[in-house]
Amino acid sequence: MDIFDAMVGAGHERVLVCSNPEAGLRAIIAIHSTRLGPGLGGVRMWPYASTEEALTDALRLSRGMTYKAAAAGLHLGGAKAVIVGDSKRARTEELLRAFGRCVESLGGHYITAEDVGTDAADMEMIGSETRWVTGLPVDRGGSGDPSPVTARGVHQGMRAVAARLWGTPSLAGRSIAVQGLGSVGGYLTRSLVEEGAKVFACDIDADAVEAARSELGVEIVPPAEIYDVACDVFAPCALGAVLNEKTIPRLRARAVAGAANNQLAEEERDGLELHRRGVLYAPDFLINAGGLINVYNELIGYHRERALRMADGIHAATLRVFELAERERLPTFRAAERLAEERLAAVGRLGPRHWERPARERLSARA
Ligand code: NAD
């Protein structure tokens, strides 16, 4: 891969390759866009088979963060970091601190957060070397577990689906099939049951399944059969790429709205296929933005009620996407991208900006 071609092709601003052999650190920080604000995105630790694979992931994920922040109306740009290595064995203090120094060297153009293979304790360690870190534990002045806020946003996205399809946002009496009863799926399921929805769910974790059955009265289905459940909404809350050429023909849902990242295995092919079949798809990066909204609020001074209120805004944002999709006869994922691109272009036209200041002052005060 030619890195310049790749960056120009997707519009990346800069890529920092970090190497610290003593600490065992090999990391890549990709900043896709700072047009709306500092690039914020988690740091993923994964045993990539090659440097090219790690770079491809960093470039792809950072671009996705630009769209997520733009669609959510946040004053944030898009970025992402990847650390090459097995997080179970190689996640040492010196590696995390060395990574923290790389983040610091970017002077606030990149702000890190947790992702696959890293957790809140790691953010504390990284935070001993840089101010540009979010997702700290609550007792360190951080925003803590983002899952309740993510679940709130997904629920609001689902209520927008209901308003669109059935003329009322209420999910009472609606049937929802939830794939994955983890952090987000668990909170989402509870709030759906509280609203009066009939929930079918699956998980590969026996404890999660038992808790949902006994505490919430959820009807459990085997994981392999979740796609076949006749229901109003299918809610993927476990893995990515679950909407693909094998699963889409099996769906018996009117709509898809869930928390998982990158639900469409191939965006173009699978997004169009859902559209063709008349399955209303609430774009994942739009309705699962609650986690990003949560860490954004950490930057500006954390207040849980405010974060939840902002997550409620996902309802109106999802309706706007559905309206544009109908007006322009677009698949919904395209409409969501279009709205994000319009915001990026409009703000980009303003020229040089001074976006760092509020976040920088807040973070400096905390250091
Ligand atoms: P989690 O690890 O807490 O939960 C995932 C659950 O899915 C687990 O209970 C796991 O056992 C289950 N699972 C795994 N494979 C499965 C399968 N084949 N069938 C059924 N269940 C299966 O993760 P989470 O934090 O709840 O996140 C869920 C999804 O939402 C992920 O894709 C994540 O990237 C995305 N997401 C999460 C947040 C957040 O705030 N946590 C924010 C945005 C997006």
Dipole check, the chain, charges on Cβ (K,R +1; D,E -1), about Cα centroid: among A282, G167, N20 the Cα furthest to the positive pole belongs to G167
For W132, W46, ascending order of other Cβ atoms within 10 Å (fewest first) is W46, W132
Magnitude of the Cβ-charge dipole (Lys and Arg +1, Asp and Glu -1) of the chain about the Cα centre, nearest 20 debye, reported as 1180
Scattering profile of the stretch 147-330 from the Debye formula, Cα beads only, expressed as log10 I(q)/I(0) at q = 0.17 Å⁻¹, is -1.06
Log entry: pair-distance distribution for the chain, C-alpha pairs binned every 10 Å from zero, whole % per bin is 5, 24, 33, 26, 11, 1, 0
Quick calc, the stretch 147-330, dipole around Cα centre from Cβ unit charges on Lys, Arg (+) and Asp, Glu (-), nearest 20 debye, gives 600
If C102, C18 are placed from fewest to most neighbouring beta carbons inside 10 Å, the sequence is C18, C102
Dimensionless Rg/Rh of the stretch 206-251, both radii on Cα and Rh by Kirkwood, sits at 0.99
Per the Cα gyration tensor, the stretch 70-199 corresponds to an equivalent ellipsoid with semi-axes, largest first in Å, of 36, 17, 12
Rounded to the nearest 5, the percent of antiparallel DSSP beta bridges in the chain equals 30
Quick numbers on the stretch 1-100, Rg and Dmax over C-alpha atoms in Å, give 13.6, 41
Taking C231, C202 and counting other beta carbon atoms within 10 angstrom, the fewest-first order is C231, C202
Log10 I(q)/I(0) at q = 0.14 Å⁻¹ for the stretch 81-131, from Debye over equal alpha-carbon scatterers, is -0.30
Nearest 10, in degrees from 0 to 90: the angle of helix 93-105 to the longest Cα principal axis of the chain is 80
According to the Cβ-distance criterion of 4.7 Å, cysteines of the chain with no possible disulfide partner are C202, C231, C237
Cβ-Cβ cut-off under 12 Å around E104, Lys and Arg +1, Asp and Glu -1: the net charge is +2
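No lab work stands behind these numbers, since they all come straight from the coordinates. All values derive from a computational prediction rather than experimental measurement. Don't worry about glycine lacking a Cβ; one is built from the backbone with ideal geometry, like all the others, and counts go over all protein chains shown.
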